[in-house]
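Beneath this line is the structure, given in structure tokens, with notes to follow.
The values are calculated or read from the model by the stated rules, or taken from the named source; none is laboratory data. Since this is a predicted model, take the numbers as computed values, not measurements. As a convention, Cβ positions derive from the backbone with ideal geometry for all residues, glycine included, and neighbour counts pool all protein chains shown. Each accessible area value is taken on the protein alone, full model and side chains, heavy atoms only, with ligands, DNA and RNA left out. Shrake-Rupley method; radii C 1.70, N 1.55, O 1.52, S 1.80 Å.
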Amino acid sequence: MNKRAIGTTYERQVGAYLQNQGYRILEYNFRCKSGEIDIVARDGSCLVFVEVKYRKNKDKGMPLEAVNRKKQQTISNVAACYCLMHGYCQETPCRFDVAAVLGEELTLIKNAFEYCGGFSL
């Protein structure tokens, strides 16, 4: 399986997990010129942008380590683009979650980081 197929598999597994937790999936793999967000969902009234990181094992580091400041900046910029394109305003509560998959173990970090973009949500 190539990396894209593996990523899609785990994104869908995380999506199913999130739905079981009460999230409503709005979109997978939203793309704009700034980058991509793996999952866009609603958790109650909150718009949630979820980054999914998978590692087969610890050999290449922990999945959470891959969501560094630069990745957070990209996710923030893409989230701003999503909000603009879909008509969400600054009053819409948003948060950034990270779903880290190590082997078969899933860890969900809610509100993993604050908005850090140059845009205004």
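What to note about this one:
- The chain: angle of helix 3-20 to the longest principal axis, Cα-based, in degrees nearest 10: 70 degrees
- Accessible-area composition of region 10-121, carbon plus sulfur, in percent [1.4 Å probe]: 46 percent
- Base-10 log of normalised Debye intensity for region 21-108 (one unit scatterer per alpha-carbon) at q = 0.21, 0.23, 0.26 Å⁻¹: -1.03, -1.17, -1.36
- Per-residue HN-Hα couplings for region 61-76 [Karplus 6.51, -1.76, 1.60; θ = phi - 60°; Hz; x = Gly/Pro]: x, 7, x, 5, 5, 6, 9, 7, 4, 5, 5, 4, 4, 4, 4, 4
- Selected from CYS94, ASN2, THR74, residue furthest toward positive end of dipole (the chain; charges at beta carbon): ASN2
- Rounded accessible area per residue of region 1-101, 1.4 Å, Å²: 55 Å²
- Annotation for region 1-92: chymotrypsin sites (Phe, Trp or Tyr not before Pro) lying in DSSP loop with at most 16 further Cβ atoms inside 10 Å of their Cβ are TYR88.
- Other residues within the sphere of radius under 12 Å centred on the Cβ of MET85, judged by their own Cβ, net out at +1 (K and R +1, D and E -1).
- Within the chain, DSSP assigns beta bridges of which about 65% are antiparallel (rounded to the nearest 5).
- Residue-level accessible surface for GLU65, protein heavy atoms, 1.4 Å, Å²: 120 Å²
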